[in-house]
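In what follows, a single structure is set out as C-alpha cells and then discussed.
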Amino acid sequence: MAEGLMKQMYGQAAYVQSAGVKNDMEVDGFSVAVCKELGIELSRHRSRSFEEMQEWGDDLSGFDLIIALSPASQRMALELTRYYHLEVEYWPILDPTGLGEGREAKLSAYRQARDQIRDRMLARFGAPVQAGN
C-alpha cells in the first residue's frame with residue numbers, strides 16, 4: 001500500500017521500492033481493494049526482500065531513506081545501516097492482517113492502515129505533487 005500511495009501522491013519526485021521482510025510476498029486482496037478505492041492498482045504488485053533487491057541489481061547504498069512499517073522491517077533496516085549510509089524511520093502503522101470479523105470489518109481495518117500511511121506521508125513529505133510536475 002505504501003509504495004502505491006507514494007507513487008500516486010509524489011509521482012517521480014522520488015524512487016520508491018517496497019521491500020518486505022520475506023521474499024515473494026504477494027499483496028493481500030484487502031490491500032488491493034482499499035487502494036483501488038483511491039485509484040491505485042496493486043493487483044500485480046508484490047513486495048521483495050532486501051536480499052532480493054540486491055540480487056536484482058538494486059544498489060541499497062543509493063537509497064537515502066528506509067521507512068519501516070513493522071518492528072521486524074525496522075530491525076532489518078537498522079541492520080543495513082551497518083553497511084550503508086541510510087536513514088531509517090519507523091512508522092508504527094496498524095497491521096490489519098487478522099483484524100475484523102467479516103469482509104466489511106476487515107476492509108475497515110485495511111482502510112485505517114491505508115489512511116495512517118497516507119497521513120504519515122503527508123506529514124513527512126508535504127502536499128502531493130501535481131500531475132506533470
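May I ask for the longest run of the chain untouched by trypsin sites (Lys or Arg not before Pro) that are loop-located per DSSP and have at most 10 neighbouring C-beta atoms (other than their own) within 10 Å? With a cap of 10 other Cβ atoms within 10 Å, the longest stretch comes to 83-133. Rounded to the nearest 20 debye, the dipole magnitude of the chain is 340 debye, with +1 charges on Lys and Arg beta carbons, -1 on Asp and Glu beta carbons, and the Cα centre as origin. What is the Rg over Rh value, at two decimals, for the chain, using alpha-carbon atoms and the Kirkwood definition of Rh? Rounded to two decimals, Rg over Rh is 0.95. The chymotrypsin sites (Phe, Trp or Tyr not before Pro) of the stretch 26-132 that DSSP puts in a loop, and whose beta carbon has at most 10 other beta carbons within 10 Å, are Trp56, Tyr83. Think of each Lys and Arg Cβ as +1 and each Asp and Glu Cβ as -1; about the Cα centre, that makes the dipole of the stretch 68-133 roughly 100 debye.
Computed on the stretch 51-131, with alpha-carbon pairs under 8 angstrom and 6+ residues apart, the relative contact order is 21 percent. Taking the protein heavy atoms of the chain in the context of the full set of protein chains, the accessible area attributed to carbon and sulfur is 50 percent at 1.4 Å.
The values are calculated or read from the model by the stated rules, or taken from the named source; none is laboratory data. The model shown is predicted, which means the values in this text are computed figures rather than measured ones. Quick reminder, even Gly has a Cβ in these numbers, built from the backbone with ideal geometry, and neighbours come from all protein chains shown. Areas reflect the complete protein model, heavy atoms only, side chains present, ligands, DNA and RNA absent. Shrake-Rupley method; radii C 1.70, N 1.55, O 1.52, S 1.80 Å.
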